[in-house]
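Since the structure comes first, as structure tokens, the remarks are kept for the end.
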Amino acid sequence: MTSPPLQNSKNIIEEIKANFSVVYSTLELLDKELDKEELLTSYKFISDNIKNTTNYIREELSTISEQAKRYERTCVNSPLQISFYKSNPGVIFSYRNNLREFSDQIRRQIDNLSLNIGKSLAAYILVYETLEKFGFKVPFILIESNEFTSRTLINYIFSEFDALGSSVIKHKRCDARIITYSGMEISNPLSLLIIGHETFHIINEIDKVFHNFCELNSIKKDKRTEEAFVDIMSNLYFGPVYSYTTLKYFQKTYPLSGESHPEMSTRLLMLSYLNKQFKLSDKEDDTLNNFINTLERRMSDIALENARKDKKQLDNMISKNVESYIREYFNIKGIATYDEFKNIVEEREFNIDIEKINRNKIIYMLNANIPLGIRPTTLLNTLYENNKIDNIDPKLIVSSFKKWYVRRYYHKHIEIYGNQ
């Protein structure tokens with residue numbers, strides 16, 4: 001006859017196994033949900049990125065299953081774990097439920113990729129074109145969220161399983177990146193510049209631009225300073241419209257800055273400093289300074305102290321010629337900063353273009369709802385300089401970006417293959 005304690009342990013073991021069976025069946029269902037026909041779009045890089053991302057996730061689900069099996073063996077073979085589970089059953093329930101929530105979230109996000117291509121198309125083109133200019137063919141996908149971030153695919157999808165005891169998962173190498181965007185903001189053309197900022201996080205990470213700058217100048221590396229460094233890269237590439245975008249975005253989200261970001265007031269001071277090279281009017285500078293004053297009035301003593309430390313770090317970067325360093329990095333990559341492009345390349349191209357297009361004609365054609373296949377930074381800055389960026393039809397931006405993509409890569413094809 002089985003003693004009550006032993007019988008009780010057997011019952012607990014059976015309950016543990018039952019909960020883990022739910023985990024395995026959930027992962028199997030997720031694998032089937034992701035096993036869909038290949039998504040075809042008019043943009044091969046989008047189709048390929050989504051396909052490769054989905055395939056990688058499916059392949060790596062087995063690592064989670066194996067981790068769960070190791071976890072289950074530990075739970076049912078250890079008297080201590082059985083005793084712990086007896087008084088704390090919520091631990092297993094929480095793991096089971098979190099796995100189900102994870103699976104449902106992945107299913108919804110993958111399903112939404114195809115549904116959201118229309119509204120995220122301009123962002124896809126901007127990210128692809130920016131990465132391509134810097135020489136990177138990094139696979140990426142855009143996922144709707146409530147914030148703008150950039151992370152590796154492995155970190156974004158699987159990082160929550162890293163904390164499960166000592167059972168570390170070793171994933172196959174994957175270079176893919178995830179950029180998340182606010183579903184509420186994506187229809188606003190200014191959101192493209194926030195996504196552009198996340199793109200420069202990817203560029204900075206791959207080429208270790210900030211790391212190398214700090215090593216060269218004996219500057220202490222930290223996330224807050226790195227964020228400002230990426231602001232400088234973004235500003236030099238995208239031009240004055242980037243600073244305006246940052247201002248507008250902060251106006252929606254202040255007073256929160258986040259632990260890994262410099263205080264908003266300090267970031268805007270840096271952008272104000274950089275914008276002087278673009279020779280903006282006093283009005284733009286006054287707008288920035290007025291909002292900086294608003295931020296400082298709302299800041300706590302701790303936030304003000306953080307801002308003081310941030311500014312000291314940024315002043316140190318300026319003293320080490322951070323702007324010149326980034327300009328030289330762009331030059332090595334064969335990339336013109338915005339002011340260089342506008343004053344040299346753009347003027348030359350406008351003069352030789354058979355259509356004789358210029359910035360006045362850009363506004364004229366946009367007012368007539370005619371999409372233009374021109375460089376995205378030229379388009380967005382022209383709209384900003386003519387006070388049109390806040391009320392332009394988003395569909396016109398998407399159409400213009402599509403036209404630019406076709407034109408740019410048609411000419412690249414001609415350069416490589418001729419008129420075949």
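Residues in segment 99-112: is at least one assigned by TED's automatic domain parsing to the domain that holds Ile141 and not in a helix (DSSP H, G or I)? Steps first, please.
So in segment 99-112, the residues assigned by TED's automatic domain parsing to the domain that holds Ile141 come out as 99-112.
Now restrict to residues that are not in a helix (DSSP H, G or I): none.
Checked against the condition, which is being assigned by TED's automatic domain parsing to the domain that holds Ile141 and not in a helix (DSSP H, G or I), segment 99-112 yields no hits at all.
Checking each residue in segment 38-67 for being more than 18 Å from Arg107 (Cβ to Cβ), among the aliphatic types (A, V, I, L, M) and modelled with pLDDT of 85 or more picks out only Ile46.
Quick one: how many residues across segment 391-407 are touching a residue at least 12 places away in the same chain (Cβ under 8 Å), surrounded by fewer than 22 Cβ atoms within 10 Å (Cβ to Cβ) and either farther than 21 Å from Ile46 by Cα or of a type in the set (Ser, Thr, Tyr) (or both)? So that I can check it myself, show each step before the final result.
To start, the set of residues in segment 391-407 that are touching a residue at least 12 places away in the same chain (Cβ under 8 Å) comprises 392-394, 396-407.
Those still in the list that are surrounded by fewer than 22 Cβ atoms within 10 Å (Cβ to Cβ) too: 392-394, 396, 398-399, 402-403, 406-407.
Of the ones still in play, those that are also either farther than 21 Å from Ile46 by Cα or of a type in the set (Ser, Thr, Tyr) (or both) are 392-393, 399.
Of the residues in segment 391-407, 3 are touching a residue at least 12 places away in the same chain (Cβ under 8 Å), surrounded by fewer than 22 Cβ atoms within 10 Å (Cβ to Cβ) and either farther than 21 Å from Ile46 by Cα or of a type in the set (Ser, Thr, Tyr) (or both).
In the set Leu121, Leu153, only one residue is in contact (Cβ under 8 Å) with a residue 40 or more places away in the chain, touching a strand residue (DSSP E or B) at 6+ places or on another chain (Cβ under 6 Å) and not assigned by TED's automatic domain parsing to the domain that holds Leu379; that residue is Leu153. With respect to the conditions (1) under 30 Å from Glu66 (Cβ atoms); (2) part of a helix (DSSP H, G or I); (3) under 16 Å from the mean Cα position of the chain (by Cα); (4) not assigned by TED's automatic domain parsing to the domain that holds Lys312, Val138 falls short on a single one, namely (2). Look at (1) part of a helix (DSSP H, G or I); (2) in contact with a helix residue (DSSP H, G or I) (Cβ under 6 Å, 6 or more places away or on another chain) and you find that Asp48 fails only one, number (2).
Out of everything in segment 167-199 that is out of contact with any strand residue (DSSP E or B) (no Cβ under 9 Å at 6 or more places or on another chain) and part of a helix (DSSP H, G or I), what residue ends up being surrounded by the most Cβ atoms within 10 Å (Cβ to Cβ)? Across segment 167-199, the extreme among qualifying residues is Leu193.
Within segment 156-191, being within 20 Å of Lys223 (Cβ to Cβ) and within 13 Å of the chain's Cα centre (by Cα) holds for Tyr156, Arg177, Ile178, Ile179, Thr180.
Tell me yes or no: at least one residue of segment 190-207 is in contact with a Pro (Cβ under 8 Å, 6 or more places away or on another chain), under 21 Å from Asn387 (Cα atoms) and modelled with pLDDT of 95 or more. Step through it out loud before you land on a result.
Just the residues of segment 190-207 that are in contact with a Pro (Cβ under 8 Å, 6 or more places away or on another chain), to begin with: 192.
Adding the requirement that they be under 21 Å from Asn387 (Cα atoms) leaves 192.
Adding the requirement that they be modelled with pLDDT of 95 or more leaves 192.
Within segment 190-207 (the criterion being in contact with a Pro (Cβ under 8 Å, 6 or more places away or on another chain), under 21 Å from Asn387 (Cα atoms) and modelled with pLDDT of 95 or more), the answer is yes, since at least one residue qualifies.
One residue stands out in segment 200-255 among those that are β-branched (Val, Ile, Thr) and surrounded by fewer than 16 Cβ atoms within 10 Å (Cβ to Cβ): the one that is nearest to Tyr273 (Cα to Cα), namely Thr253.
State yes or no: is Glu227 out of contact with any helix residue (DSSP H, G or I) (no Cβ under 7 Å at 6 or more places or on another chain), touching a residue at least 24 places away in the same chain (Cβ under 8 Å) and outside the structural domain of Arg267 (by TED's automatic domain parsing)?
Numbers: out of contact with any helix residue (DSSP H, G or I) (no Cβ under 7 Å at 6 or more places or on another chain): yes; touching a residue at least 24 places away in the same chain (Cβ under 8 Å): yes; outside the structural domain of Arg267 (by TED's automatic domain parsing): no.
When the stated conditions are applied, Glu227 does not pass them.
Checked against (1) within 18 Å of Leu27 (Cα to Cα); (2) free of Cβ contacts under 8 Å to residues at least 60 places away in the same chain; (3) out of contact with any Leu (no Cβ under 9 Å at 6 or more places or on another chain), Phe84 passes all but a single condition, namely (1).
The values are calculated or read from the model by the stated rules, or taken from the named source; none is laboratory data. None of these values were measured; they are calculated from a predicted model. Here Cβ is always computed from backbone atoms with ideal geometry, including for glycine, and neighbour counts include all displayed protein chains.
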